[in-house]
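Encoded as structure tokens, the structure appears first; notes follow it.
The values are calculated or read from the model by the stated rules, or taken from the named source; none is laboratory data. Note that the coordinates shown come from a computational prediction; the quantities given were computed from them, not determined experimentally. Here the Cβ is made from the backbone with ideal geometry for all residues, glycine too, and neighbour counts use every protein chain on show. Side chains are part of the model used for accessible areas, which takes the heavy atoms of the whole protein and leaves out ligands, DNA and RNA. Shrake-Rupley method; radii C 1.70, N 1.55, O 1.52, S 1.80 Å.
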Amino acid sequence: EPLRRPGSSSAGAGTAAAAAGPAEEASPPWTFKGAVSGAFRAYLSLYVTLEDKSITAGVRDLVAKETWAVAEDLAGGDKSTRVLASSAEVFLLIKRALKRCVPVSTGETLFDLHGVWRGALCSYAAALSARLPKLPQVATGWEPAQVHLSDDQLALVCTAVTTAEYCSTTTGELEESIRRSIDASLAPKVDLSAAQDAFQGVVTQAVKLLVADVETQLHAHLQSYTRHRWDALEDVAEESTQMNAILRALAKVCEFWGAHLLPIYVRFTCDKLVASFMPRFVAMVLRCRRIGEMGAQQLLLDLQALKSALHDLPQACGTASTSAYAKLVTAEVGKAENLLRLVLTPEDALQVRAGPRAGAGARARLAVHPSTPPPSLTAAAPAAPSARQEHFAELSTGCPGADLAKVLELKGARKQDVSASMGSLLEDLKGGISTGASGASLTQGTQKFKKLLNIS
């Protein structure tokens with residue numbers, strides 16, 4: 001029989017091949033990949049357990065050997081590289097485990113291992129958090145948590161911020177690497193966000209410590225404000241000794257933060273400091289017994305110096321400021337400014353003005369001498385808010401904790417005199433007045449206010 005070219009066949013053979021062709025084409029091609037490992041797939045849970053023990057022991061050993069200080073060769077380098085050596089070693093352990101697992105399985109085994117690594121990262125974040133100084137509970141509403149950090153502790157807290165930021169970023173990169181390696185059906189389920197949240201929690205804890213340390217230093221100067229006789233001030237000079245001490249403390253803080261914190265966390269810490277310290281400044285003003293006109297002017301001058309220092313705080317730390325931060329400073333300082341301007345407001349201006357409210361349309365304000373109640377009110381109507389109270393609320397907008405009695409005390413009136421001479425008006429402020437009330441008693445109250453404050 002003559003030789004045939006490769007691929008040629010007889011008619012019978014061709015018929016048989018045609019008959020068998022569809023079935024052979026439908027069967028998937030056989031590959032060697034996974035043929036051996038597939039036999040062990042049912043037993044890979046033992047492999048996961050072994051890796052779990054290995055990574056747990058590795059993290060524990062790294063934490064035990066950690067010096068909790070930046071290595072000397074990194075201390076003078078870029079601030080983003082000033083991380084604890086153990087943090088890089090933890091990710092190196094996980095990277096090696098990932099390389100070992102991928103050739104064996106990219107399915108359920110790798111998915112189970114990624115949960116093991118998530119737990120290891122959370123464990124490392126907990127160890128980092130436990131190393132930080134404890135933040136005590138706040139004693140009172142206006143007193144900050146008492147935190148006194150040494151230079152070594154401050155360096156550790158700043159290092160913890162940088163290390164936690166590095167770990168959070170690297171955890172995100174690890175998550176993407178696992179998703180690229182794992183089976184497509186399991187990729188959407190890969191999630192290391194719990195570990196990232198744990199590291200961000202360390203950052204938040206560290207920033208709270210930094211802010212509390214600064215506020216502890218500043219609080220002594222705020223207490224000095226409350227002990228000063230501002231009502232005896234005869235003239236307004238430059239910034240007070242208390243404010244100068246506050247500005248010096250802030251300058252020292254800027255020097256340290258600028259040298260140890262990343263720019264993003266300089267801004268974050270400045271935000272937290274302004275949002276926490278300024279309400280305490282307002283509380284300090286309200287705790288003063290008397291301020292008087294000169295005292296209020298001096299405090300406003302101090303407040304302008306503080307506002308300027310807070311505005312420049314990020315730049316003083318070597319970081320560009322943002323418009324959002326500038327708005328925050330303006331808003332928080334504005335609350336204290338409004339309170340002090342309220343103290344400077346003449347007593348007559350604190351009283352109610354007759355006439356319709358601007359822009360209120362048909363809705364009219366209650367007059368001091370209401371002769372005819374508004375159409376919507378009747379003699380039997382329930383007690384309406386005091387017109388004085390409404391007017392004072394407008395003037396004191398943005399002044400948390402301010403009330404007319406306290407403002408009068410800050411202006412110079414003694415608390416017992418206010419209680420004795422203006423008891424009826426204080427009741428009016430607390431409970432409101434009825435719509436049919438006579439304006440005569442309110443006029444009498446105004447005269448008593450003027451006599452009490454020596455206003456002609």
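Key figures for this structure:
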| item | result |
| --- | --- |
| Relative packing of peptides 276-284, 129-137 - highest average C-beta neighbours within 10 Å first | 276-284, 129-137 |
| Mean Cβ count within 10 Å, highest first, over the residues of peptides 67-77, 85-95, 241-251 | 85-95, 241-251, 67-77 |
| Cα Rg, Dmax (largest Cα-Cα span) when computed across the stretch 102-247, Å | 23.8, 84 |
| Quarter of Cα convex hull surface for the stretch 219-335, i.e. mean projection, nm² | 6.8 |
| Links that overshoot a 19 Å alpha carbon limit, given the list Lys79/Lys99; Lys335/Lys406; Lys307/Lys327 | Lys79/Lys99 |
| Accessible area of the stretch 156-252 belonging to carbon and sulfur atoms, whole % at 1.4 Å probe | 47 |
| Cα centroid separation - the stretch 214-282 against the stretch 110-177, whole Å | 27 |
| Rh by Kirkwood over Cα pairs, then Stokes-Einstein D for the stretch 89-174 at 1.567 mPa s and 4 °C, µm²/s | 83 |
| Distance in nm between pseudo-label sites at Gln153 and Ala275 (7 Å out along the Cβ direction from Cα) | 2.4 |
| Ordering of 172-181, 334-343 by burial proxy (mean other Cβ atoms within 10 Å per residue, highest first) | 334-343, 172-181 |
| Separation of the Arg289 and Asp183 label points, Cα + 7 Å toward Cβ, nm | 7.9 |
| Alpha-carbon gyration tensor eigenvalues x 5, square-rooted, for the stretch 54-98, Å | 22, 13, 5 |
| Translational diffusion of the stretch 198-260, µm² s⁻¹ [Kirkwood Rh, Cα pairs; Stokes-Einstein; 37 °C; 0.692 mPa s] | 236 |
| In the stretch 230-284, GluC sites (Glu not before Pro) in a DSSP loop with at most 15 other beta-carbon atoms within 10 Å | Glu234, Glu238 |
| Förster-model FRET efficiency, 25 Å R0, Lys65 and Thr169, C-beta, rounded to 0.05 | 0.60 |
